[in-house]
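The values are calculated or read from the model by the stated rules, or taken from the named source; none is laboratory data. If you're wondering where the values come from, they're calculated on a predicted model, not measured in any experiment. Please note: Cβ atoms are built from the backbone with ideal geometry, for glycine as well, and neighbour counts cover all protein chains shown.
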Amino acid sequence: MDGGKRCAGHRRPLHAQTFVKTYGFAGPFRLIRVINRPYKFIRMIRNKWREIRAEFEQDIMDGVLPVGAKLPTGPDLAAAYQAGRHSVRRAITELAKEGLLSVEQGRGTFVQPRPVLEYTIGARTHLRSNLVAQGVDVTSEYLGVEQLQARQTIAADLGLEPDAPVIASRRMTLADGEPIAFGTLYHDASRFTEYPERRAVMGSVSAVYKSYGIDDYLRGSTEMNARPARAIEAQRLRQHPDMPVIVIRTVDTLLDGTPIACSRMIWSAARVKFNIPNKED
């Protein structure tokens, strides 16, 4: 080429160039990051997604992308990184699996709150005291309540006859406004009459139990397993569909071992890890 001219369709020479990435945030703010660096033009290489993933991870760790930041759309990111949409999707998926990003259906992709909360399971396992100690604001959302006939597993956990009436209370648990778990707590309807009304007024399970003359109770058993999240579970927990959930089945008892409640909870594996202390007798 003469005089520094380039013919149509010729790519830029491979030297230091200005690469501008624009991140769009939820809210009135906008962050422009300008980086001067040499790079090679990349057409379609297999590991392009790794480069994108590494840059996003570094920006998150450095605070360039703060917690709650909303990422641009896939096409915008593909254009900014000069990459295919598949590479962008894979990078985001991997970061979501690690809990750094939250892909929320219908809302977009956001930087995930960190660190992951730790929930200790022991003889006296109370959700609120577990998380409040970590400086977390624990709240809950009422999802509904109904009286129904206990299926066999619920009846067995509560020491009842099959089809005995039970109260099923459904709630979502949030930590600093982020959903971390949802599920159902079951009680014997003949013993805990007016449980929903008392729970609404008193605010905590422990307070309700005291109103029934139960000052102390224990975690009788805890069973847990991990599995892929169902679509509705990922949507409720606002996590990536490929991120697993932890299913926890519990039974709470009086000090003499009499069952008073059982639960089935779905926990976000992206936001909570469980600790089971190994205590010797």
Query - Extreme residue, farthest from the chain's Cα centre (by Cα), among residues of the range 162-205 that are under 20 Å from S129 (Cα atoms) and among the hydroxyl-bearing types (S, T, Y) - result: S204
Query raised in the report: Can you find even one residue in the range 100-123 that is within 24 Å of the chain's Cα centre (by Cα), surrounded by fewer than 16 Cβ atoms within 10 Å (Cβ to Cβ) and closer than 21 Å to A207 by Cβ?
Result: yes
Report summary line: Residue hits (the range 149-187; surrounded by 17 or more Cβ atoms within 10 Å (Cβ to Cβ), in contact (Cβ under 8 Å) with a residue 60 or more places away in the chain and either closer than 19 Å to I260 by Cβ or not assigned by TED's automatic domain parsing to the domain that holds D256 (or both)) are I154, D157, L158, G183, T184, L185, Y186, H187
Query raised in the report: Which of the residues spanning the range 238-264 are buried (at least 16 other Cβ atoms within 10 Å of the Cβ) and more than 25 Å from F110 (Cα to Cα)?
Result: I248, R249, T250, V251, D252, T253, P259, I260, A261, C262, S263, R264
Query - Count of residues meeting criterion [in contact with a helix residue (DSSP H, G or I) (Cβ under 7 Å, 6 or more places away or on another chain) and not in a strand (DSSP E or B)] in the range 248-261 - result: 0
Query raised in the report: Across the range 262-281, which residue is modelled with the highest pLDDT among those that are assigned to a loop (DSSP other than H, G, I, E, B) and among the basic types (K, R)?
Result: R271
Report task. Take the residues in the range 67-99 that are within 16 Å of A270 (Cα to Cα) and either surrounded by fewer than 16 Cβ atoms within 10 Å (Cβ to Cβ) or aliphatic (A, V, I, L, M) (or both), then tell me which one is farthest from the chain's Cα centre (by Cα). Result -> I92
Query raised in the report: Has the range 82-94 got any residue that is among the polar types (S, T, N, Q) and touching a helix residue (DSSP H, G or I) at 6+ places or on another chain (Cβ under 6 Å)?
Result: yes
Requested in this report: Count, please, the residues in the range 219-232 that happen to be closer than 17 Å to T184 by Cα, touching a strand residue (DSSP E or B) at 6+ places or on another chain (Cβ under 8 Å) and either among the β-branched types (V, I, T) or touching a residue at least 40 places away in the same chain (Cβ under 8 Å) (or both).
Outcome: 3
Query - Filter result (among the hydrophobic types (A, V, I, L, M, F, W, C) and either exposed (fewer than 14 other Cβ atoms within 10 Å of the Cβ) or in contact with a Cys (Cβ under 7 Å, 6 or more places away or on another chain) (or both)) within the range 48-66 - result: A54, M61
Report task. Could you list all residues from the range 129-138 that are under 18 Å from the mean Cα position of the chain (by Cα) and exposed (fewer than 12 other Cβ atoms within 10 Å of the Cβ)? Result -> G135, D137
Query raised in the report: When residues of the range 124-157 are filtered for being under 19 Å from V272 (Cα atoms) and aliphatic (A, V, I, L, M), how many remain?
Result: 6
Report summary line: Pairs returned, first residue in the range 64-90 that is among the β-branched types (V, I, T), second residue that is assigned to a helix (DSSP H, G or I) and surrounded by fewer than 16 Cβ atoms within 10 Å (Cβ to Cβ), beta-carbon separation under 6 angstrom, 6 or more apart or interchain, are V88/G74
Query raised in the report: Of the numbered conditions (1) among the charged types (D, E, K, R); (2) more than 29 Å from R249 (Cβ to Cβ); (3) at pLDDT 90 or above, R170 satisfies every one except a single condition; which is it?
Result: (2)
Query raised in the report: On the given criteria, is G4 at pLDDT below 85 and touching a Leu at 6+ places or on another chain (Cβ under 9 Å)?
Result: no
